[in-house]
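The values are calculated or read from the model by the stated rules, or taken from the named source; none is laboratory data. None of these values were measured; they are calculated from a predicted model. Heads up, the Cβs are rebuilt from the backbone with ideal geometry, glycines too, and the neighbour counts pull from every protein chain shown. Note: areas computed on protein heavy atoms with side chains; ligands, DNA, RNA excluded. Shrake-Rupley method; radii C 1.70, N 1.55, O 1.52, S 1.80 Å.
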Amino acid sequence: MKYGRVYNFSAGPATMPEPVLEEIRDEMMNYRGSGMCVMEMSHRSKVYQQIIDEAEQDLRDLMNIPDNYKVLFIQGGATLQFAMVPMNLMKNGVACYVETGAWSKKAIAEAKKYGDVHVVASSKDRNYSYIPNCDDLDIPENADYVYICENETIHGVTWPKLPNTKGHVLVSDQSSMFLSRPCNVSDYGLIYAGVQKNVGPAGMVIVIIREDLIREDLDPKVPIYCSYKTHADNGSMYNTPNCWAIYCCGKVFKYLKSLGGLEAMEKINIDKAKVMYDFLDSSKMFKGTVDKEFRSLMNIPFVTESAELDAKVVAATKAAGYDNLKGHKSVGGLRASVYNAMPKEGVEALVEFLKKFEAENS
Ligand SMILES: *Cc1c(COP(=O)(O)O)cnc(C)c1O
């Protein structure tokens, strides 16, 4: 690998495309004749305005975002959205949540502070290894929205098709699958994604919200920063935004466009994840933990027969230049995150290594 880099299978912050990092390096000391680094620039400057405008436009192009949706760049990570969503969208104080793993559980716990939360389906019974059937959910008439986590980063499950919300607004946490495949934005009322999984550096979330869901009549105690209207009315610059993250994400958007957009990414991602899943399906030592139909293209959890052997694999892979394969502390085991920026060669090399490990240790 160039620059002594390793194959980094971290779930987030995660690997970024090398050509993007090289461009950032080249612009570090003097951004395009401005005489300064983007980190040093006023967010009110013309040169910065162009950076944020282009980032938004490139994202709109990539996802085909309709004109009646706002794109917002907000700080506080995806976690703040667990609260901002109910604060802004609970008009009747009622919402439905589908519990599919660690991140939807956190969102549910936070939403309960703001209103009446109905957990309308759950996969807890089999340790979040599948997505429950959501064709005929029991959704109260006055529910303000139906909430899902579209890709559970820790449990490695993803939604093969969206739930039937029976006409209610759909809200989706897409943090760990954002831009991994085409997305029909108009199926949703609100999409959000922390960018440090599949896009850029940590410290920012992108919110895509249908304009009619932006409210003027929020409880006056809602912090000004936590109102979507604040961000929508001020082009994501009510206060100083995460200038650096917006700049880096903008570069990734252009890079994805140059690769052929989200249709191309989906093909690449299917092809790449298959390398890992085919191995797991043929191995005697390693096993995937998710039902086939619901396997994530981005986060691939797997286990051996014991925690001791898992630990041995983590140590051996790390020593060989495959980093961050330890599963999340809450579930143990192993996990390979294979986001957009992970090259197929990285997965192939990892699989070769695991095959050899299996041969030598069984
Ligand atoms: C990482 C993650 C979050 C939390 O993101 P932060 O930016 O750390 O707040 C929320 N949801 C999902 C699906 C995630 O993967």
Item to check | Matching residues, region 202-216, being surrounded by fewer than 18 Cβ atoms within 10 Å (Cβ to Cβ) and either at pLDDT below 95 or within 11 Å of the ligand (Cβ to nearest atom) (or both) | outcome: ALA202, GLY203, GLU216
Item to check | Scope region 255-292; condition of a type in the set (Asp, Glu) and more than 20 Å from the chain's Cα centre (by Cα); matching residues | outcome: ASP278, ASP281, ASP291
Checklist entry - Within region 196-203, can one find any residue that is under 20 Å from ILE65 (Cβ atoms) and outside any loop (DSSP other than H, G, I, E, B)? => result no
Next on the checklist: Tell me whether region 16-33 contains one or more residues that are farther than 15 Å from LEU190 by Cβ, within 16 Å of the ligand (Cβ to nearest atom) and not charged (D, E, K, R).
Outcome noted: yes
Checklist entry - Out of all the residues in region 109-118, which are within 28 Å of ASP291 (Cα to Cα) and exposed (fewer than 14 other Cβ atoms within 10 Å of the Cβ)? => result ALA109
Checklist entry - Could we say that THR79 is within 16 Å of the ligand (Cβ to nearest atom), modelled with pLDDT of 95 or more, under 30 Å from LEU325 (Cβ atoms) and assigned to a helix (DSSP H, G or I) here? => result yes
Checklist entry - Does region 58-65 contain at least one residue that is in contact (Cβ under 8 Å) with a residue 60 or more places away in the chain, away from the ligand (no atom under 16 Å from the Cβ), under 26 Å from the mean Cα position of the chain (by Cα) and surrounded by 21 or more Cβ atoms within 10 Å (Cβ to Cβ)? => result yes
Item to check | Hey, ILE74 open to solvent by less than 60 Å² (accessible area, probe 1.4 Å) and away from the ligand (no atom under 16 Å from the Cβ) or not | outcome: no
Checklist outcome for this item: The condition of being under 25 Å from ILE270 (Cβ atoms) and modelled with pLDDT of 95 or more holds, among PHE294, PHE357, only for PHE294
Checklist entry - Do we have any residue at all in region 120-135 that's of a type in the set (A, V, I, L, M, F, W, C) and touching a helix residue (DSSP H, G or I) at 6+ places or on another chain (Cβ under 6 Å)? => result yes
Checklist entry - Hey, VAL313 hits all of (1) in contact with a strand residue (DSSP E or B) (Cβ under 7 Å, 6 or more places away or on another chain); (2) closer than 26 Å to ASN133 by Cβ but one; which does it fall short on? => result (2)
Item to check | Test set (1) without any contact (Cβ under 8 Å) to a residue 12 or more places away in the chain; (2) more than 21 Å from ALA102 (Cβ to Cβ) - TYR277 fails condition number | outcome: (1)
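Residue by residue, here is whether (1) within 23 Å of CYS149 (Cα to Cα); (2) loosely packed, with under 14 Cβ neighbours inside 10 Å; (3) touching a residue at least 24 places away in the same chain (Cβ under 8 Å) holds:
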site	(1), (2), (3)
ILE224	no, yes, no
ASP233	no, yes, no
CYS243	no, no, yes
LEU262	yes, no, yes
ASP281	no, yes, no
SER306	no, yes, no
ALA315	no, yes, no
Item to check | Subset of region 101-114 (residues that are among the basic types (Lys, Arg) and part of a helix (DSSP H, G or I)) | outcome: LYS105, LYS106
Next on the checklist: Please go through region 229-281 and give me each residue that is outside any loop (DSSP other than H, G, I, E, B) and in contact with a strand residue (DSSP E or B) (Cβ under 7 Å, 6 or more places away or on another chain), ordered by number.
Outcome noted: HIS231, ALA232, ILE246, ALA273, MET276, TYR277, LEU280
Next on the checklist: Quick check on region 30-42. Is at least one of its residues surrounded by 19 or more Cβ atoms within 10 Å (Cβ to Cβ), in contact (Cβ under 8 Å) with a residue 40 or more places away in the chain and within 22 Å of ILE209 (Cα to Cα)?
Outcome noted: no
Checklist entry - Does region 85-100 contain any residue that is on the phi < 0 side of the Ramachandran plot, in a helix (DSSP H, G or I), open to solvent by 10 Å² or more (accessible area, probe 1.4 Å) and within 13 Å of the ligand (Cβ to nearest atom)? => result no
Next on the checklist: within 18 Å of the chain's Cα centre (by Cα) and in contact (Cβ under 8 Å) with a residue 24 or more places away in the chain: which single residue out of GLY327, GLY321, GLY333, GLY346 fits that description?
Outcome noted: GLY327
Checklist outcome for this item: Scanning region 153-189 for residues that are away from the ligand (no atom under 14 Å from the Cβ) and in a strand (DSSP E or B) gives LEU170
